[in-house]
Amino acid sequence: MHRKRPESINLSDAERVLDFLAKNKFLIVYFTGGEPTLHPNVVEIVDYANRLGLVTAMTTNGTVDKRLLKELKEAGLYNLSVSIDHWDAAICEKIRGHKDIMAKQVETIKYSKEIGMRTYALAFLNPPLMEDGVEKLIAYVNSLGVPFGFCHPTKTGINSYGLGGVLSEEEMHRKLEPSVKMILISKKNGCNIANLYTYIEDILNFYDKKIPNFYCKGGEDVFYIDWLGDVYPCFLKSRLFNILSGEKPQFLKNVKCNDCLINCFREPSFIPNAYHSLRLVTKEIHYSYNTKQLYD
């Protein structure tokens, strides 16, 4: 995203999008970027979403200042994830190209916990992390008193949210599978892992071409909406309609997608799937007791 020209949605358009979500009985809105805390109206947007009854979540790269964090907490931000790439500060700085970034991320995690925010650390499964052992970052993050979460690498250029690929298909499987297995084992062994157990297991099911615990509902129950008001099923699929132009909503029906592993869409899809599967809910509850503070 940093390679693109900076763009953002204005406050009135953001409120129209949030009105649309509330009217159509959506439950959760997740603010991302770029860096969402750079938006001049981010507090007002979170406050408006909260007053509409939407559950609000956000990811920051850790450069957010304490004053703004406190304002977001007071505005009703329900859940905050803070990006962290490695346990070695030098590697974090090299990946982000931002001086002392790890120290800022750790300080953000500590302060957000101090003021009572539901917080976890979020890691992109980058090559240095996979090479050096993801279990070390899990241990480090848990030592800070917060759960560890991860994003699965994905490459897309089809819409406004461009994601760059850093691994070939062969490397994706060969290097990612051991890391994902370690995350699953760590969750089973009681480590504080924010990701759903059933989602982590489904990554391995995907690699092995097995049937998943649940399918993605992108385009039916989960969407990506950009700063122009364009609505997409996910980061990989084409535009459906535009909220701000008054186009008629084109929601997909009976979606059962297993094309990718993007957690932004797969994990929220657990909710509509869970309505129809006691087995799925029981399995998840069994392995997710340690992260219940994120959702209480």
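Some points to look at:
- Lone qualifier among Glu201, Glu247 - being of a type in the set (Asp, Glu), outside any loop (DSSP other than H, G, I, E, B) and free of Cβ contacts under 8 Å to residues at least 24 places away in the same chain: Glu201
- Count of residues meeting criterion [assigned to a helix (DSSP H, G or I), in contact with a helix residue (DSSP H, G or I) (Cβ under 6 Å, 6 or more places away or on another chain) and more than 22 Å from Thr154 (Cβ to Cβ)] in the stretch 113-141: 1
- For the stretch 56-68, filtering for residues that are out of contact with any strand residue (DSSP E or B) (no Cβ under 8 Å at 6 or more places or on another chain) and either farther than 13 Å from Thr108 by Cα or part of a helix (DSSP H, G or I) (or both) leaves 3.
- Residues in the stretch 126-158 that are surrounded by 22 or more Cβ atoms within 10 Å (Cβ to Cβ) and at pLDDT below 95: Leu129 only.
- Within the stretch 263-287, the set of residues being outside any helix (DSSP H, G or I), within 26 Å of Phe124 (Cα to Cα) and not acidic (Asp, Glu) comprises Pro268, Ser269.
- Every pair of residues 6+ apart whose Cβ atoms lie under 6 Å, when the first sits in the stretch 22-48 and is among the acidic types (Asp, Glu) while the second is crowded, with 16+ Cβ neighbours inside 10 Å: Glu35/Asn61; Asp47/Ala75
- One residue from Ser269, Ser238, Ser277 being of a type outside the set (Phe, Trp, Tyr) and without any contact (Cβ under 8 Å) to a residue 60 or more places away in the chain: Ser269
- Single residue of the stretch 199-230 satisfying the filter (within 16 Å of the chain's Cα centre (by Cα) and over 24 Å from Ala14 (Cα atoms)) that is surrounded by the fewest Cβ atoms within 10 Å (Cβ to Cβ): Tyr199
- Residue selection: Gly53 satisfies the criterion of being in a loop (DSSP other than H, G, I, E, B), over 27 Å from Lys99 (Cβ atoms) and either without any contact (Cβ under 8 Å) to a residue 60 or more places away in the chain or over 18 Å from the mean Cα position of the chain (by Cα) (or both).
For every residue, the table says whether it meets (1) touching a Cys at 6+ places or on another chain (Cβ under 8 Å); (2) within 22 Å of Phe31 (Cβ to Cβ); (3) surrounded by 19 or more Cβ atoms within 10 Å (Cβ to Cβ).
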site	(1), (2), (3)
Ser83	no, yes, yes
His86	yes, no, yes
Ile101	yes, yes, yes
Gly116	no, yes, no
Phe124	yes, yes, no
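- Scan of the stretch 114-145 for residues that are charged (D, E, K, R) and touching a Phe, Trp or Tyr at 6+ places or on another chain (Cβ under 9 Å), ordered by number: Arg118, Asp132, Lys136
The values are calculated or read from the model by the stated rules, or taken from the named source; none is laboratory data. Here the structure is a predicted model, which is why all the values come from computation and not from measurement. Every residue, glycine among them, receives a Cβ derived from its backbone with ideal geometry; neighbour counts consider all protein chains shown.
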